[in-house]
Amino acid sequence: MATVELLFSALPEHVRTARLVAAAVARRAGVDETVLDEVRLAVGEACTRAVSLHQSNAVSAPVKVVLIEDEKKFSIEVGDEAPHAPLSGPVPGAHAAGESAEEPGIEEEDEMGLAVISGLVDDVEVTAGESGGLIRMSWPIIPAPALP
């Protein structure tokens with residue numbers, strides 16, 4: 001299992017870099033070429049959300065992106081350290097990990113970003129709490145053809 005970890009200051013100009021790195025690592029991992037735009041867009045939305053949460057909560061910690069290549073899937077985790085209100089209801093299309101993914105009073109922009117992510121990614125999980133949040137997304141890996 002190969003892992004790439006990216007930490008960046010919570011500034012909007014770094015989101016593009018995270019998108020480019022995610023697409024490059026996904027391509028190398030064997031994610032289908034037709035899905036790479038979805039990977040790029042989903043990572044962009046998740047990172048933009050994390051940057052916005054850090055800035056609005058005056059969190060100086062970096063945004064963390066972890067890219068994980070497994071045998072059968074490629075996963076991306078985007079984590080923030082902004083405090084979240086207790087979770088109450090699920091985001092449509094998202095799997096909950098012990099908790100659901102929608103916060104009461106969540107801003108429309110944040111809600112829209114999560115809806116976009118859940119529309120782009122079939123396997124997505126959103127968790128959040130007082131110490132931060134995490135969006136986990138994964139895509140299947142296309143096995144390389146066997147050489148004769």
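Structure data summary
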quantity	calculated
Lone unmet requirement of (1) at pLDDT 95 or above; (2) in contact with a helix residue (DSSP H, G or I) (Cβ under 6 Å, 6 or more places away or on another chain); (3) assigned to a loop (DSSP other than H, G, I, E, B) for Val91	(1)
Matching residues, the range 31-59, being polar (S, T, N, Q) and closer than 14 Å to Ala10 by Cβ	Thr48, Ser52, Gln55, Ser56, Asn57
Sole exception among (1) at pLDDT 95 or above; (2) loosely packed, with under 13 Cβ neighbours inside 10 Å for Lys72, by number	(1)
Residue selected from the range 23-59 under the condition free of Cβ contacts under 8 Å to residues at least 40 places away in the same chain and part of a loop (DSSP other than H, G, I, E, B), by the criterion surrounded by the most Cβ atoms within 10 Å (Cβ to Cβ)	Asn57
Number of the exception - Glu77 against (1) part of a helix (DSSP H, G or I); (2) touching a strand residue (DSSP E or B) at 6+ places or on another chain (Cβ under 7 Å)	(1)
Residues (among the polar types (S, T, N, Q) and not in a helix (DSSP H, G or I)) located in the range 1-22	Thr3, Ser9
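The values are calculated or read from the model by the stated rules, or taken from the named source; none is laboratory data. Computed from a prediction, not measured in an experiment: that's the story for all the values here. We place every Cβ from the backbone using ideal geometry, glycine too, and count neighbours over all the protein chains shown.
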